[in-house]
Amino acid sequence: MLDARQLEALTAVIEHGSFSAAAASLHLTLAAVSLRIKALEDALGQRLLVRGKQVRATPAGQALLGHVKQLRLMEADLLDGLRTGGPGTRDGARWQSLSVAINADSVASWFLPGVAAMLQRHRLLLDIMIDDQDHTHDALKSGDVIGCVTTLAEPMRGCVAEPLGVMRYRCVAAPEVVQRCTTPQGEVSPHQLLALPAIIFNRKDALQDSFLEQHFGLRQPNYPRHFAPAVDAFETAIELGLGWGMVPEHHLAGRPRLQEVLPGSTVDVALYWQHWAREPLSAQRLTQAVKAAARTSLSPLATPWRPDGAVQRLSP
């Protein structure tokens, strides 16, 4: 059986990124934390941490971190059920925290509005990690979160991937920018477009490249770029005429100044909810709320389930 105090020390080191910070959080000496980690590694016969300036977990350490988080949630569900007389009521129950990784476009547009009522009803807190939809699954793999909105259709080990739907993006710009990349014949010139800056959310954002490849056959061309890693700032920069960018279709209703650069040409991003296969009750409630929110806000994802429970990614 795993030692609870050793697991607690391991979790603290991973979460805080250092032995000294973990010792302070646990009110232990640095030596005590080191001894507990060493004893756990000796018992399991493998390294759990990569020591360095920034301590990080090995794959085995990541697996144990996920195990600890599951235990914490299960214990919290059990204790609250005992206090309130059953799992169906939450009056007087403690607040529980659920860590998730979500792409920025989903957070405000459909995720939070869709889960807000459930969070309040069951006294659940969200610890949201923002990342590109192509990279959110890294946080689930490392044990940092219990679920993520991702483009990864293949379930990771110990997880389930459930289809949510499609977010449709359109290439838009201010009217004066659209005019500058349009020929007198009314056609969009890719060369003139590439001479203008693109507004990009962050360096992981590849939607612009996807648009250029799908609709102009250009693979990773060079073009000037502004980086604006906040949704409002990103869309405001486009409105101000600083450049062109990819905006979710359902964001455009509130941005009348934005015009399509290439009308009718879109980039569709298929999204999935990856989560632990064995979920505590609180996490199950979140999963159900996320799926319900996606059904009302995203376009259907017409992808068949495979017998192993995975789903196949749609081609662009």
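Close amide-amide hydrogen proximity is noted between Ala198 and Arg225, His226, Trp244, each under 5 Å apart and 5 or more residues distant or on a separate chain (H modeled in the peptide plane; Pro and chain starts excluded). Panel values: the chain, Kirkwood radius from alpha carbon pairs, Stokes-Einstein at 37 °C and 0.692 mPa s, translational diffusion coefficient 150 µm²/s. Secondary structure note: in the chain, about 65% of the DSSP beta bridges are antiparallel. The simple Förster model, with R0 at 45 Å and r as the Cβ-Cβ distance, assigns Gln288 and Gln46 a FRET efficiency of 0.80. Lysine pairs in the chain whose alpha-carbon atoms fall under 26 angstrom of each other, counting only those eight or more residues apart or on distinct chains, come to 11. Could you compute the net charge surrounding Gly241? Neighbours are other residues with a C-beta less than 15 Å from the C-beta of Gly241; K and R count +1, D and E count -1. Result for the neighbourhood of Gly241: 0.
The value of relative contact order for the range 4-59, using C-alpha pairs under 8 Å at least six residues apart, is 34 percent. Between the amide H of Leu126 and those of Leu98, distances stay under 5 Å, these residues lying 5 or more places away or on another chain, with hydrogens modeled in the peptide plane. Anisotropy class assigned to the range 196-267 is oblate, per the alpha carbon gyration tensor with a/c at or over the 1.5 cut-off and a/b no larger than b/c.
Is the shape of the range 176-228 best called rounded, prolate or oblate, per the rule: a/c under 1.5 gives rounded, else a/b larger than b/c gives prolate, else oblate, with a ≥ b ≥ c the square roots of the Cα gyration tensor eigenvalues?
On the way: a/c = 2.48, a/b = 1.49, b/c = 1.66.
Judged from the Cα gyration tensor, the range 176-228 comes out oblate (a/c at least 1.5, b/c at or above a/b).
Mean silhouette area of the range 4-59, derived from the convex hull of its C-alpha atoms and averaged over all directions, reads 3.4 nm².
With r as the distance between the Cβ atoms of Gln185 and Glu239 and R0 = 22 Å, compute the FRET efficiency 1/(1 + (r/R0)^6) and round to 0.05. FRET efficiency, Glu239 to Gln185: 0.25.
Under the rule a/c < 1.5 gives rounded, and otherwise a/b versus b/c splits prolate from oblate, where does the range 256-296 land using the Cα gyration tensor? Since a/c reaches 1.5 and a/b is larger than b/c, the shape of the range 256-296 is classed as prolate. For Leu49, neighbours were defined as the other residues whose beta-carbon sits under 14 Å from its Cβ, and their charges (Lys and Arg +1, Asp and Glu -1) total +3.
No value in this document is a laboratory result; all are computed from the given coordinates. Because the structure is predicted, anything quoted here is derived from the model rather than measured. Every residue, glycine as well, gets a Cβ built from its backbone with ideal geometry; the counts of neighbours run over all protein chains shown.
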